[in-house]
Amino acid sequence: MDALAEMGDAEMRVTLIEMGDAAKEVVPQCVGLSLASIVDGLTFTLVATSDEIAALDAIQYLDGGPCVVSAHENEIVRVGGDEMITEHEWLLYAQASAAAGVASSLTLPILNTGRVIGTVNLYAATSDAFEGREDDLAQAVGASAASAVRNADLGFETRLEAARAPERLVDQNDVDIALGIIAGSQRVDIPTAQERLRQAAARAHITEAQAARAARGILHS
């Protein structure tokens, strides 16, 4: 991580806005996107168009999903239609996507000298929004995404501290319920579930409570 150059939040946000505009020209139904980097085998969200979109990334870090597969398998992964509802392998992601009004997603790997260094994760409101648009979207956002990832600074330890920040009582209730869901679905004890939730939140650059609400399928408080 120390080898990564610093890229300010303002600059990253401008890049994301430009990428979002370019993506919507190709796919008007696109409702959000995020940009992720891979460091030491882990995927981290650098920036997202909203906390709700970042929460969808967090769910995938917690329980699997297309952005994780794309990052580690160097594949373009498109999911839509019935797959978003019936995908048992990514059950939490399917439920959180439905709650967020996301009917399809497309994840594009970002390459640097033949190696995957990150992903662009796009989310749309209709099930067939990305069908046949993979190449056009790669051309529209690829160069900006690659440049942003190469110049990103993650600050993961700072993210962990932010994810651990004290929450309101209602937020703690969300966390407690989510821990039960995670422990049951992944067959782990509560302390393990709590650490997995915390790590997923930090990697997505959101709080534990936001990740917990996504795990519960409640993205809007």
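The values are calculated or read from the model by the stated rules, or taken from the named source; none is laboratory data. Please read all numbers here as calculations on a predicted model, not as lab measurements. Cβ sites come from the backbone with ideal geometry, for glycine too, and all protein chains shown count toward neighbours.
When the stretch 138-166 is filtered for residues that are modelled with pLDDT of 65 or more and either assigned to a loop (DSSP other than H, G, I, E, B) or under 17 Å from Ala48 (Cβ atoms) (or both), the ones remaining, listed by number, are Val141, Ser144, Ala145, Ala148, Val149, Asn151, Ala152. The lone criterion from (1) at pLDDT below 90; (2) among the charged types (D, E, K, R); (3) surrounded by 23 or more Cβ atoms within 10 Å (Cβ to Cβ) left unmet by Asp57 is number (1). Going through (1) at pLDDT 90 or above; (2) farther than 20 Å from Arg133 by Cβ; (3) surrounded by 19 or more Cβ atoms within 10 Å (Cβ to Cβ) one by one, Val69 falls short only on (2). Within the option set Leu33, Leu46, being within 19 Å of the chain's Cα centre (by Cα), modelled with pLDDT of 90 or more and not in a helix (DSSP H, G or I) holds for one residue only, Leu33. Just to be sure before I move on: is Ala129 over 21 Å from Ala204 (Cα atoms) and surrounded by fewer than 24 Cβ atoms within 10 Å (Cβ to Cβ) in the structure I sent? Criteria met by Ala129. For the stretch 196-221, a residue qualifies if it is surrounded by fewer than 22 Cβ atoms within 10 Å (Cβ to Cβ) and under 10 Å from Leu62 (Cα atoms), and the qualifying residues are Arg196, Arg198, Gln199. The residues in the stretch 49-76 that are in a helix (DSSP H, G or I) and either closer than 20 Å to Arg196 by Cβ or not charged (D, E, K, R) (or both) can be counted, and the count is 19. For Ile85, the criteria (1) part of a helix (DSSP H, G or I); (2) at pLDDT below 90; (3) more than 25 Å from Ala183 (Cα to Cα) hold in every case but one, which is (3). Taking the numbered list (1) modelled with pLDDT under 90; (2) over 30 Å from Val27 (Cα atoms) in turn, Ala193 passes all entries but (1).
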